[in-house]
Structures are given as structure tokens and as C-alpha cells.
1. Amide H to amide H under 5 Å from LEU177: which residues, 5+ apart in sequence or cross-chain, H placed 1.01 Å off N in plane?
2. Among PHE107, MET140, SER130, whose Cα sits farthest toward the positive end of the charge dipole of the range 103-175 (+1 at Cβ of Lys/Arg, -1 at Cβ of Asp/Glu, about the Cα centre)?
3. Tell me what the chain gives for mean residue ellipticity at 222 nm when only DSSP H runs of n ≥ 4 count, each as -39,500 (n - 2.57), the sum divided by the residue total, rounded to 500 deg cm²/dmol.
4. Take each of the peptides 233-240, 93-100, average the number of other beta-carbon atoms within 10 Å over its residues, and list them starting from the highest.
5. Long-range amide H contacts for HIS100: which residues qualify at under 5 Å (H placed 1.01 Å from N, peptide plane, sequence gap of 5 or more or a different chain)?
6. So, for the range 129-271, what is the accessible surface per residue at a probe of 1.4 Å, expressed in square angstrom?
7. Treating only the Cβ of Lys, Arg, Asp and Glu as charged (+1, +1, -1, -1), what charge dipole size does the range 243-298 show about its Cα centre? Round to the nearest 20 debye.
8. Please get the size of the charge dipole for the chain, origin at its Cα centre, with Cβ charges of +1 on Lys and Arg and -1 on Asp and Glu, quoted in debye to the nearest 20.
Amino acid sequence: MGMSMTVTLSELNVLAEFDRRVFNGVIHYDNNPDIQVQEVDGYKFEFAVTEAISKKPYIKGNNDEPNGGHHARRPSRPGYFPGSDIDVSGYEIADVTDTHCVAFNKFCMYRPHLLLLTKDGYRRQYDILSLDDMEASRQMLEAMNWHHFMFFNCGKDGGCSRLHKHMQLAPLCRNRLKPWPETTAGDVAPAKIPYQYILRRFEGDLGPKQIHDLYGQMMIEARKILGLDPRSPEHVPHNVALGRNWILVIPRRKAGVNGAYANTLGLLGMISVANEAELRCWLDQGAVEVLKQLGVPQ
């Protein structure tokens, strides 16, 4: 399936295109979500109640294959890459590299909120990031003037809702909570982080190959934290966030607890819920307690 729309990749063009598609009703975006802010032991939370995600579909598990399984090379449906469970028709923006293209997220929590997809629709979300993934991510972040960060929800327990491998880009908004590695210095965060994490900071613009090597080392630590055999090919549920000079990996144990679900953003305290009932699931259990169970407690 070819991308039907090619926008020259720049922050300005992508924003203009985003606004155009919101205006035309293609993208679900709520520009005025109901936001509540909370701080627990120095860890900041932002709860955004937004209609935009109320229609979002979810997979049941890592083996919830679209179209009758991984190897069923069925003809692709219109709007889908072969093997994919993400419909990109109307959301396409452009090719980023030979291996990746970028589209708008149908369920936008931010202006803009982007999906960076592998063009091979058989690549899976429970696999760790490849060098190609890092190259495309870095290229896209550069095109967006580093006003965004990339995040990746690896596997069902990492909070992914689709199986076709994709990363996401969210803006570093002035008036919204930013990922804590962006607002802190050094390897230690000032707040009490409820879960175990691996953070690496680097100077200057590190190339994709070096970032990917760093990530490989971090994944060895992530396996240890989860008690997995470092040599086994077993799937490692985790979250990744990547900024201009930092990369964060959060090992994950489960997708949700008693109705409180989170992907990478949720673990960073940037929590979006569809309604008040979902918000209650977080507040009643205590947001810090939820994060401890979704990750591995400190």
C-alpha cells in the first residue's frame, strides 16, 4: 500500500496538515481536555479526561493476530499495509525512510500526535526496537525540531493497543506535563520515581547506531530487573522514551490494574482517560500504587 499523501516533513507543515484534518473531522482531537494535576512524593501526574480516546480499540494479547495469523499472507484490506492492524487511510503524512512512514494518530491526545510505522505490516510491537526504528525516530524528531519526544509501548504488557510495529511522537508542550527526564538533570531524578527504570543521558547529537547500541545494553538491564534470562529470546515488555539527549527504558509487568491502564505516557505521569469512571480507577487505587504494579517497584 503506498502512502497517498506526501507532506514535506517539517514541524510547520505537519502542524498545518494536522489542523486541516482536525477541521475536516478526520482526526479525533479534543483541544480542551479536562486536566487535573497531582503530585505524590514529588512525582507529578497529569490526568487528562478526553473524549478523543473513547473509541480507541485494544488487542487482547500479543498473539491477537489480525486476519487469521502472522503467516496468513492475505490480501491487504484497503487502508492497511499487508499484515497490519492499523488503518492509515486518511491519516498518512509521508515516508520518513525506506523502512518507515509517518501518519497522524487517529486518537490524538496532543497537537500533533504522530505514529511512526514500519512499512512492513508484519513487524510486531512485541519485538524490541531495531536500528531502522531508531534511524526513523531520530530523523522524525529532527524534522520536528526536537520539540517532540518518541515513545514506544513494547508488547501488550507495555500498554500497546495495536500489533503492527509503530513508535509514537508527542510534543513537549509548554502548558502540559513533560517527561521527567526532559525536566531533570543527571542520572537521578529529584522526584521519587515509583518504578525501576534505566536512564542514559548523552551529550550532543548521538547517531542512531550509538543510541541503538545504548538501548541494547539497557535491555540487558531490563531483563535482569524482570528476572528474565539475559540470553533467552523471550519477549521483554517495556516502555521506551527518547528525547534529544536522553533515552529511558521502563521494564513492565502488566498493562493495567483494576481498570487503570497505561502505556509509556502513563508511566511518565501523563495519563489520558476517556471518562470520569476511568479516572476513578486511578484515583481510588492511588496513582503511585498503580505505577508500582505496572512496572517493577523501586
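1. HN-HN under 5 Å from LEU177: empty list.
2. Towards the positive end, the residue furthest out is PHE107.
3. Working: 7 runs with 71 residues, N = 298.
My calculation for the chain gives -7000 deg cm²/dmol from helical runs alone.
4. The densest-packed peptide leads the list: 233-240, 93-100.
5. LYS119
6. Numbers: 5460 Å² over 143 residues.
Accessible area per residue, the range 129-271: 38 Å².
7. On the way: 6 positive and 4 negative charges, 64 e Å.
The dipole magnitude comes to about 300 debye.
8. Working: 34 positive and 35 negative charges, 92 e Å.
Using Cβ point charges on Lys, Arg, Asp and Glu, the chain gives about 440 debye.
The values are calculated or read from the model by the stated rules, or taken from the named source; none is laboratory data. Bear in mind the structure is a predicted one, so any value in this text is a computation, not a measurement. Here Cβ is always computed from backbone atoms with ideal geometry, including for glycine, and neighbour counts include all displayed protein chains. Remember, those area values only see protein heavy atoms, side chains included, never the ligands or the DNA or RNA. Shrake-Rupley method; radii C 1.70, N 1.55, O 1.52, S 1.80 Å.
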